Amino acid sequence: MNVAPENYVALSAVLFFIGVVGVIARRNPLIMLMSIELLFNAANLALVTYARAWVNNAGHIFAFLVITVAAAEAAIGLAIVAVTFRKEPFVDVDEVSALRG
Amino acid sequence: MLPALANIPTGADYAALLPAFVVAVTPLLILFVDLFYRESGPWRRVVAVGLALVWLIVAGALQAGQYPHDYVAFGGAFVQGGFSIVLSEIVIVATIATLLLSIGVGRDDQVAGTTSLLLWSASGAMLMSGASNLMTVFLGLELLSLALYCLCAMSTRRTARESALKYLILSSMASGFLLYGSALLFGATGSVAFAALASATVTPLLALGAGLFMVGLAFKLSLVPFHAWTPDVYEGAPLPVTAFMSIVTKAGTLAVLARFAYAALPSEHRAAVLLPLWVLAALSMLVGNLAALAQTDMKRLLAYSGIAQVGYIVTAFAGTSALGLRYAILYLAGYTFMNLGAFAVVALMARDGDAIVGLPRFAGLAARRPWLAAAMTLFLIGLAGLPPTIGFTAKILILTTTLGAGYAWLAGTLILGTAISAYVYLKIVRAMFARVDAAHVRDERSPNVLPWVAVAVCAVATVVLGLQPLTPSNILPLVK
Amino acid sequence: MLLYLVWLLPLVGGVGLWAFGPQLKSWAGPIGSALVGVSFIATLFLWRDATAARALDVPLGSWLPGWSFGLLLDRLSLIWTLIITGVGFLIHVYSIGYMDRDRAFARFFAYMNFFVFAMLTLVLSDNVIGLLVGWGLVGLASYFLIGFWFYKPTAVAAARKAFVMNVVGDIGIMFAIFLIVAKLGGIGYGLIFANVGSAFTPHELFLVCLGLFIGCAAKSAQIPLHSWLPDAMEGPTPVSALIHAATMVTAGVYLVARFAPLWSASPDAQELVGAIGALTAIAGAILGCAQWDIKRILAYSTMSQIGYMIMGVGIGAYDAGVFHFLTHAFFKAQLFLGAGIIIHALADEQDVRRMGGLRKQMPFAFAAMLVGVLAISGVPGLSGFFSKDAVVYGALQTGHPWLYAVAVVTAGITAYYMFRLLFVTFFGAYRGAVDPSDLGIRHPELAGTAASPGHHPEEEEPHPHAPGWLMSAPVAILIVPTIAIGWLDFGSNSAWKQFFAGFFPRAADAAGAAPISEAVSTLLVLLAVAIGFAVAYARYGAPAALRGAIARLRTETIRMPGVLVNAYYFDAAFEALLVRPARALGGWFDRTVDPHVIDAGVREAAISAQWLGHLFRSFQTGLVRAYALTLAFGVACIVAYYALAFGGGR
Amino acid sequence: MIAFWILALLMIASAVFTVTARRPVHSVVGLLVNFIALAATYLTLQAEFLAVMQIVVYSGAILILFVFVIALLSSGVRPFDVGPDRMPRILVPAVVFAVLTLAGITVTALHTPVTVLQTTPTNGTTGDAGAFGSVANFGVALFADNLLAFEVTAFILMVAVIGVVLIAGDEGPGGVVRRRPKRVIKREPILKARPPSPELVEGSG
């Protein structure tokens, strides 16, 4: 590895915040979920980088668990999105704002 | 050649995990038994809930039996003993109460599934209570949350799905922050164990990682400004789930927070690293109580109240004194009973146990259902922090430790928040004792009598704990 | 244990009369009085234990380490307990006669017994938490009793005002107690006083004393938290006598005396308390000159006399301050009960301008009032003379010449307004039949001086009548101590000084530095009193003045300076600064605790308190993305903190 | 070195595309590219097994799930229309906060270089048992050191399965579609013309 780990971490930070902006700025729940996957992957990249830097494969295990959890989360999230918007005219989270105040 | 598998877990490791394991495996039994029912009927529900109750009680007994012992299991991934046992018991109590409230909510043929999810969620919280490395924290949190996302959607109300969606999106985002914080912490120390964090030198990376990690926890605790999800989700979710969420999430997350703040931070910079937490607590006490002023829906009001109450609990941690931890747990135990009691009362006021109960429904309750009104008054007095309840006792204790630790501004905020909150809660009390023409009030009663059990137990506990506070005396050596 | 009995009997009475009032009917009064009387007798039996070398300390139970609760009967609390139960008993008996026609007879005695219990809790507690609980309960009882006639809007307003001001005080005292507990980890007086020097820095000690004194000022009507006391006269007269003259308002004196070791260790706090006390004394006395309502005159005189007491205990003359409390309890109860006889007889007329000439019709009331007036003015031989003299000279002894001067002048003013009260009420001709406007009374209803509606509905007696024996007997009994109790402190080695010898910390060694001897000082005070009397006689008592009384009262009413009529505009200032914001707080209290007390203003205040709640509601837009944005905002703040706190310097 | 920069550019570009694409299907494609680039990056970090998992689980399973749901929801006439924008200017504060945080994180992270890299690991190729990042190395860590985590994962997946069945399933276990009477959504009765009591009006704001 001839690239300093800081570069990888900086890359992961950039990806993370593209994800954050995606969650805030997009109204399509599917794209929001994809942005959340981006968040998780960015964290994974940081984990793997540090695992390499410290030569400690706990980071790999962590990243692996994150992948599994992300899969579970995506499944549940997609199911909720599917039942919520199945009969709606718009697939738009802004339309789902009955709870407020 | 494979490297020697030196760290294969043994029976001793599993002994530490046994209660959580019992809670996690019971759903398999419930789902299996449920397979034999072809028709849905009340028995199907009774069997599922009954099994869950029995095994929860077993788990509670096992957990209590562990009390004097300390366990360090799975190479330090899971540590059990002292305060984490108390918090696990709180989780179990809350789950039992939730099951009592949930009779009559939802479809009979879904009860096995929802009960299973509830138990898994509880086991996630129990895992968190003993979690002692970043991985276990993350997994416990996700087990807890994923089951809750599903449970939130388990209602025919349209708002239930909305609450699930909001919860999922925001909570996942917060999990992302927690995860990124964990990654930075891992990067700063080269280890995922809390023990390694405690002995590390404080670098900006470590401080920032701790900060992002705490953001994730603060979201779960719904501290301001990470609280925005709470009222909406509490309102939309089915009532028993709301009751469950209001306690169990907090218990699990507070365990992690306590362990993190007390045992996983280098002592030299602990105060500076934790400072934002106290600011969040102060904000929560103010914003929670102020926002509750304008609420009329009970679940929503209790959500804001919960935000403020968590502020009080986190206040107890200020200065990370051993007494503070004790009193925080005492307050949480008291809050468990007061809050569950209030939810049980609300459940008794709706025919299907899950309607939206607004403040007008409480008008003149004292004349129509005096016992219910009396119990609700007690719980509200407790939440407001007035004697003779645990709310008062624990709050006084928290104030003294906070002042003793030198956080006078935090104690002042607590007093201010309490003063505001008195108005919030006594507003309901006043409504209950107002004289109202019965013809104008719609009165529904739940056919389910089990919440009465919860109401009675919680009422007794609220008073008894207030007069004779049981603080686990030997939690201090067991933090690590 | 006998002490439990002393403490709990009034509680039993309070709860029992509340619960079974409708069944007990007219028995409620005798039962309530008897319980307090038994409590008094039991206290007498405890005299020996209380004055033993180790005072009586009965543990009630302990809670956490350092948190043990108990009842403490030492010399200080003994004095207070005797007054509370003894004078309390007499006033209970009096109330049987005074309240005989009231609808809520039993409720009244339930409240009164509850008050006695609360007051006993306050003085008997051996720890700060018990003190705080008693403090709060006393305020609650007072609130109930001021607002007893809840159909009078003025009574409701007065009750709310008293509540709000007391809340201010309670917050002060709470902070002081939290500071103490946080510093010492315990709540018992013994522990606290043993560690005064070691546990606190002077600065902290001053803060503790300041907090305590804020509570004290609120409860004891010291400037600037005094303005609730005159308004509290809206309650029934026995209430005014017991709570707002004899006992509750002196709780601040008790507090200072009880925490004497703290005060003695903090000279700054002593200066503050002494100065406030003196200021209150003279300010109250001046206002007393401008009042026409007999109870308000007495209320301002109470405020002024408590100023004396507070000044006494504040400057370190503890035994003198406590002695003035003792004598004041008797002569002020005497005055209020005498005034009550008049008010009762005149069908709730309280305006002295509409009295006059009552000496002939009501000789007994005249005698009672005369003795009281002589005592409070400090006429030699009566109780007030001795105690006031001790306080006044104490100021000189402890090296406070300015306070001494104020106290002497106040003594003169006191004599003036008390004799003014006496002359206007009892001399000349009866003016009840005179048209109010001829007396300068413009709006009788607004001034709150006209007969209040309702609570004596069947009583149509327009002219004075003699009181029943239930009302006159207590007053007659009180005459004895009013005259005689002062002799306890006669001489340099009096019984009183021996009683408290070694009990209080000695004042700073300024003692003996007084420039003039006690005899000269006494003469000075007497001179002031004589001047006050002479002016009052010339203006109101002389035959010439009595002849033109109506015209004189009219011009005086019209020309009364606004600053005095409005009590230095304290109320206006408070309305703007404190009461309005605090009304939200008082609002819920009014409406939750006593559902009878209804006031439209409260609802208005409650709604205005909710605007903050609505502000936060408007943030909760229901849009997920907005919530996500707040999340990002929070994260940005937190990251900024860590980046600046940890990233910058390394 | 060059590989890193190329992959970094690719990942950022694909992530931006994912977040900005108008249609969800395009986002999925962007995400796919991103994941593959990420897997390649893992390879440069000697996380070989993880790279495989990234491709298999993420690209293989999760993205397919996304595509499936997109297909499900596209059955309408105008799929993925959005309503009127309620917060049209939210992008500005979002970007501001994100950039602030990003700056904070990168600055602090770069201020504390993790220069440890104690032992240079073997330039492991796949199959070299025991080499850092290899399957064997990974397996030992997973099944011995972190067995608890692995077991908890099993329950998490179970939650996902049961949860999704409960959320999405309308059918009973016997496969019979139950025609349950439609429940009326219960709402709090809106205060009618006459409120129950004047005192309550104040609380119902």
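The values are calculated or read from the model by the stated rules, or taken from the named source; none is laboratory data. Source: prediction; values computed, not measured. Using ideal geometry, Cβ is built from the backbone for each residue, glycine included, and neighbour counts are taken over all protein chains shown. What goes into the accessible areas is simple: the full protein's heavy atoms, side chains included, and nothing from ligands, DNA or RNA. Shrake-Rupley method; radii C 1.70, N 1.55, O 1.52, S 1.80 Å.
Things to note:
- Across C:Lys295/C:Lys388; C:Lys219/C:Lys295; B:Lys427/C:Lys161; C:Lys152/C:Lys360; B:Lys395/C:Lys161; B:Lys250/B:Lys299, pairs whose alpha-carbon gap is larger than 26 Å: C:Lys152/C:Lys360; B:Lys395/C:Lys161
- Taken as Cα centroids, the stretch C:202-246 and the stretch A:44-63 sit 67 Å apart, rounded to the nearest whole angstrom.
- Largest first and in whole Å, the equivalent-ellipsoid semi-axes of the stretch D:1-81 read 28, 16, 5, each the square root of five times a Cα gyration tensor eigenvalue.
- Probe 1.4 Å, all protein chains present, accessible-area order of D:Arg89, C:Arg359, C:Arg75, B:Arg351, largest first: D:Arg89, B:Arg351, C:Arg359, C:Arg75
- Average beta-carbon neighbours from other chains, 10 Å sphere, peptide D:33-45: 4
- Mean-position separation - Cα centroids, the stretch C:36-88 and the stretch C:104-120, in angstrom: 20 Å
- Projecting the Cα atoms of C:Ala536, D:Phe132, D:Thr153 onto the charge dipole of the protein assembly as shown (Cβ charges, centred on the Cα centre) puts C:Ala536 farthest toward the positive pole.
- The B and C chains share an interface that buries close to 4200 Å² of accessible area, total over both sides, probe 1.4 Å.
- If only the Cβ of Lys and Arg carry +1 and only the Cβ of Asp and Glu carry -1, the dipole of chain B around its Cα centre is close to 840 debye.
- Per-residue mean of C-beta atoms belonging to partner chains within 10 Å, peptide B:428-434: 5
- Rounded percent of accessible protein surface that carbon and sulfur make up, the protein assembly as shown, 1.4 Å probe: 69 percent
- Average other protein chain Cβ within 10 Å of Cβ, residues D:3-9: 3
- Accessible area per residue, Å², the protein assembly as shown with all protein chains present, probe 1.4 Å: 33 Å²
- Cα pair count fraction exceeding 57 Å, expressed as % - the protein assembly as shown: 32 percent
- Relative contact order (percent, whole number), the stretch D:1-81, Cα cutoff 8 Å, 6+ residue spacing: 26 percent
- Cα Rg over Rh - chain B, Kirkwood: 0.96
- For the chain pair D and A, the interface hides roughly 6900 square angstrom of accessible area in total, found with a 1.4 Å probe.
- Cα-centred dipole magnitude for the protein assembly as shown, charges only on beta-carbon of K, R (+1) and D, E (-1), debye, nearest 20: 2100 debye
- Extending 7 Å from Cα along the Cβ direction at B:Ala12 and again at C:Ala544 yields two label points whose distance is 10.9 nm.
- Calculated [θ] (222 nm, deg cm²/dmol) that DSSP helices of n ≥ 4 give over the protein assembly as shown, each run adding -39,500 (n - 2.57): -22500 deg cm²/dmol
- Pairwise burial B:A, computed as accessible area of each alone minus the pair, summed, 1.4 Å, Å²: 3600 Å²
- Nearest-0.05 FRET efficiency for C:Ala367 and C:Met560, computed from C-beta distance (R0 22 Å): 0.15
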